[in-house]
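The values are calculated or read from the model by the stated rules, or taken from the named source; none is laboratory data. The shown structure was predicted, so the numbers you read here are calculated from the model rather than taken from an experiment. We place every Cβ from the backbone using ideal geometry, glycine too, and count neighbours over all the protein chains shown.
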Amino acid sequence: MALQAATRVIRAQACAIRLVARCLGEGGLVAFPTETVYGLGADATDGKAVARLFAAKGRPAFNPLIAHVADLAGARKLAFFGPAAERLAGAFWPGALTLVLTKSPPCPVAELATAGLDTIAVRVPAHPVARDLLAAFGKPVVAPSANRSGHVSPTSAAHVLADLGGRIELIVDGGPTPVGVESTIVACLAGQPQMLRPGGIARRAIEDVLGCRLDDPPAGAPLAPGMLGSHYAPKARLRLEALEVKAGEALLAFGPDLPAGARRDAVLNLSPTGDLVEAAANLFAHLRALDQAAATIAVMPVPNEGLGEAINDRLARAAAPRGAIAS
Ligand code: TXA
Ligand code: MG
């Protein structure tokens, strides 16, 4: 299939899932909801489909993808599970946790999807549409966030259409995604498990299950290449930890007390009650909306606890200078 495609948006229903499975089997690209963000899916075992996916996203081809499977049995066909991985999969799958593991020798996932690494990122999503789709397709589906490279991740079918319309075959509309930030990525390789990306499951919950602290990857040698530099970049400049709003700025607020100077028409609140779960769910949609409203977005401080760690990570990346690798 060529890169040009007439993109159809369909509602998530049983008959739609069969259509989706057929489309994937023919090498098509299908955006679908997961509980974290919308993913852009391709048959993980079809190198050509994976190459089309990279082209549709405009993503550097050396950035590896997450393989999504219906259940733990499907994951075991791709990767080796040591004791820590077993424990985490048991506690958090299906859910917003991605495990980076050593590939098992007969792993059928295309080399391009794992960027030639001998490790693979695997996830069992919890969203009912994603689960039905993976069960119907019966093979692993690689799915990066369904945005153009360098844009914020999509949390609705409309976001996907705005970024990828005309470049992919199908978008399955399952409504807004409940978690709103991407999955937490933990590498269970040699030594202590490492948190490669904060996300929808908080560090503390993972550490409680493991009974030990998660390591951070060594500085300068990130294992998740897509986490470099300006990853979640709106066009507007972001001014973080803002305690006041300057002339002309939009405001991304958090909590009940707004600073003086906020323009009524350019304020969106991540959570008026200060709820970090609600804030995560709103993050990308609010960034997209404010990006249209002003050249600079002032961002109020968000506490760095629970899902706040993932929110602050995404905000720091969105504020970083442009030009670095993005996914
Ligand atoms: O919530 C999510 O994780 C969403 C939904 C669609 O599942 N997916 C997502 O995929 O965020 P993506 O491609 O935007 O981010 C995947 C991250 C990238 O930073 C990539 O570098 C990293 O996972 N990654 C993939 N395979 C890896 C590996 N073998 N080792 C280290 N990092 C890896
Ligand atoms: Mg992404």
Take segment 248-270 and flag every residue that is surrounded by 13 or more Cβ atoms within 10 Å (Cβ to Cβ) and of a type in the set (A, V, I, L, M, F, W, C). ALA250, LEU251, LEU252, ALA253, PHE254, LEU258, ALA262, ALA266, VAL267, LEU268, LEU270
Only one of these conditions is not met by GLY226: (1) touching a Lys or Arg at 6+ places or on another chain (Cβ under 9 Å); (2) at pLDDT 95 or above. Which number is it? (2)
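When you scan segment 2-52 for strands (runs of 3 or more DSSP E) that lie fully inside it, which ones turn up with 2 or more residues that are within 15 Å of ligand 1 (Cβ to nearest atom), touching a residue at least 12 places away in the same chain (Cβ under 8 Å) and crowded, with 20+ Cβ neighbours inside 10 Å? Before you say what the answer is, go through the steps one by one.
Details: elements: 8-11, 30-33, 38-43.
Because the criterion is at least 2 residues that are within 15 Å of ligand 1 (Cβ to nearest atom), touching a residue at least 12 places away in the same chain (Cβ under 8 Å) and crowded, with 20+ Cβ neighbours inside 10 Å, the strands (runs of 3 or more DSSP E) in segment 2-52 that meet it are 30-33, 38-43.
Does segment 292-323 hold any residues that are of a type in the set (S, T, N, Q) and either modelled with pLDDT under 90 or out of contact with any strand residue (DSSP E or B) (no Cβ under 7 Å at 6 or more places or on another chain) (or both), and which are they? Break it down stepwise before answering.
We begin by selecting, within segment 292-323, every residue of a type in the set (S, T, N, Q); these are 292, 296, 304, 312.
Within segment 292-323, GLN292, ASN304, ASN312 qualify.
So, GLY274, is that one surrounded by 15 or more Cβ atoms within 10 Å (Cβ to Cβ), at pLDDT below 90, of a type outside the set (Ser, Thr, Tyr) and not in a helix (DSSP H, G or I) or not? Explain how you work it out, then say what you get.
Numbers: surrounded by 15 or more Cβ atoms within 10 Å (Cβ to Cβ): yes; at pLDDT below 90: no; of a type outside the set (Ser, Thr, Tyr): yes; not in a helix (DSSP H, G or I): yes.
So GLY274 fails the test.
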Per the list (1) buried (at least 19 other Cβ atoms within 10 Å of the Cβ); (2) closer than 25 Å to ARG317 by Cβ; (3) more than 10 Å from ligand 1 (Cβ to nearest atom), residue check on PRO176 breaks on (1)
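Could you list all residues from segment 84-98 that are outside any loop (DSSP other than H, G, I, E, B) and closer than 15 Å to THR36 by Cα? Full working, then the answer.
Let us first name the residues in segment 84-98 that are outside any loop (DSSP other than H, G, I, E, B), namely 84-92, 97-98.
If the condition is that a residue be outside any loop (DSSP other than H, G, I, E, B) and closer than 15 Å to THR36 by Cα, then PHE92, LEU97, THR98 are the ones that fit.
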Exactly one of ALA89, ALA75, ALA67 is surrounded by 21 or more Cβ atoms within 10 Å (Cβ to Cβ), of a type outside the set (Phe, Trp, Tyr) and within 16 Å of ligand 2 (Cβ to nearest atom), and that residue is ALA67
Selection count, segment 103-127, where residues are out of contact with any strand residue (DSSP E or B) (no Cβ under 9 Å at 6 or more places or on another chain) and at pLDDT 95 or above: 2
Let me confirm something: among THR98, THR114, which residue is near ligand 1 (Cβ under 9 Å from one of its atoms), among the β-branched types (Val, Ile, Thr) and in contact with a Pro (Cβ under 7 Å, 6 or more places away or on another chain)? THR114
Would you pick out the residues in segment 102-113 that are assigned to a strand (DSSP E or B) and under 17 Å from ALA70 (Cβ atoms)? none
When restricted to ALA285, ALA289, ALA280, the only residue at pLDDT 90 or above and in a helix (DSSP H, G or I) is ALA289
Tell me which of these ALA75 doesn't satisfy, since it passes every other one: (1) among the aliphatic types (A, V, I, L, M); (2) assigned to a loop (DSSP other than H, G, I, E, B); (3) touching a strand residue (DSSP E or B) at 6+ places or on another chain (Cβ under 7 Å). (2)
